[in-house]
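Here the structure is laid out as C-alpha cells; the discussion comes afterwards.
The values are calculated or read from the model by the stated rules, or taken from the named source; none is laboratory data. Computed from a prediction, not measured in an experiment: that's the story for all the values here. Here the Cβ positions follow ideal geometry from the backbone for every residue, glycine too, while neighbour counts run over all protein chains shown. Each accessible area value is taken on the protein alone, full model and side chains, heavy atoms only, with ligands, DNA and RNA left out. Shrake-Rupley method; radii C 1.70, N 1.55, O 1.52, S 1.80 Å.
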Amino acid sequence: MKNETKTLTVEKMDGEGQGLARIAILSAVDSDGDTYAPGAFSWKNGGEQWVSILPAHQRHAMPLGKARIYEEGDAAYAELNLNLTTQAGSDWHKTLKFDLEKGPSVQEYSYGFGVLDHAREMREGMEVRVLKRLDVHEVSPVLRGAGVGTGTLSMKSFGSFAEQIDATIAEIGDIIERAGSVKALRESQGREMSQTRLKQLQDLRDQLDTMLQTEPDPESVDDQKALEEANRLAAQFMTRGARLRIG
C-alpha cells in the first residue's frame with residue numbers, strides 16, 4: 001500500500017489551538033480524478049480516525065498535535081488540536097493563526113493516507129478512481145500542497161529502501177491498470193493511445209531492464225542487496241501482467 005497526499009482547506013483556528021479543516025467533498029471529483037464513497041473516512045469504529053499533526057510530513061518529527069478525521073453530510077473534516085504546551089506546537093499555532101487572520105491565507109496543508117479499497121468507474125466519459133476506504137496517517141502544514149495541479153505524491157523521502165520499492169511497485173501497478181483502461185477505452189472509440197504515452201511506458205520498461213542487466217560487484221554487500229531488491233521488484237512487476245499490457 002503506497003502513501004499518497006492530498007491538500008485540505010483549514011477553515012478556522014482559535015486561540016486554544018483548535019481548528020477545523022475540510023478534507024474533501026465526497027461526491028465531487030477532485031483535481032486528481034478521485035472521488036469518494038460515503039464511509040471512506042468513517043469506516044473505523046466510532047466513525048472517526050485519530051492521527052498526528054506533523055510539520056511538512058516529517059514522520060520522525062515530534063507531532064504538533066492530533067487531528068480527528070470524520071464525515072458529516074457530503075464532506076470529510078479534520079478537527080485539529082495543536083499541543084500548545086510544546087514549543088513546536090505553540091510556534092506553529094501562532095504561524096497558522098497569523099496566516100488565517102492577515103489577508104488571504106497562503107499557508108497550505110495536506111494529509112497523508114493509504115488506499116485500502118477503491119474502484120474505477122466511467123463518469124461523463126472520464127475514468128475516475130472511487131476511494132472506498134482510506135487509512136489516514138497524518139495531517140501536515142506544508143510549503144506547497146500535494147493535491148492541486150501536481151497529482152498525488154508518493155512520499156519517497158521517508159522509510160527504508162524496501163519501503164520505497166514497495167511504494168514504487170504500488171505506483172507502477174496503478175499506472176499499468178490505468179494504462180490498460182485508457183487503451184481499452186480508446187480502442188472502443190476507434191482511437192489509439194498516443195505515441196508519447198506509449199514511449200513513456202516503453203522507457204519505464206527499458207529502465208527496469210537496464211537495472212537488472214547491470215552486473216553487481218560480487219564482493220559488495222550493498223550491490224547484492226540492491227540486486228535482490230531489484231529482482232523482487234521485477235518479479236512483482238511481471239506478475240501484474242506488466243509486460244503483456246505495456247508491450
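Below is a table of values for the structure above.
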{"quantity": "When residues of segment 2-30 are limited to those that are hydrophobic (A, V, I, L, M, F, W, C) and open to solvent by less than 30 Å² (accessible area, probe 1.4 Å), the one modelled with the highest pLDDT", "calculated": "26"}
{"quantity": "Tally of residues being open to solvent by 20 Å² or more (accessible area, probe 1.4 Å), more than 12 Å from residue 20 (Cβ to Cβ), part of a strand (DSSP E or B) and touching a residue at least 24 places away in the same chain (Cβ under 8 Å) across segment 59-81", "calculated": "1"}
{"quantity": "Test: residue 33 is more than 14 Å from the chain's Cα centre (by Cα) and at pLDDT below 90", "calculated": "no"}
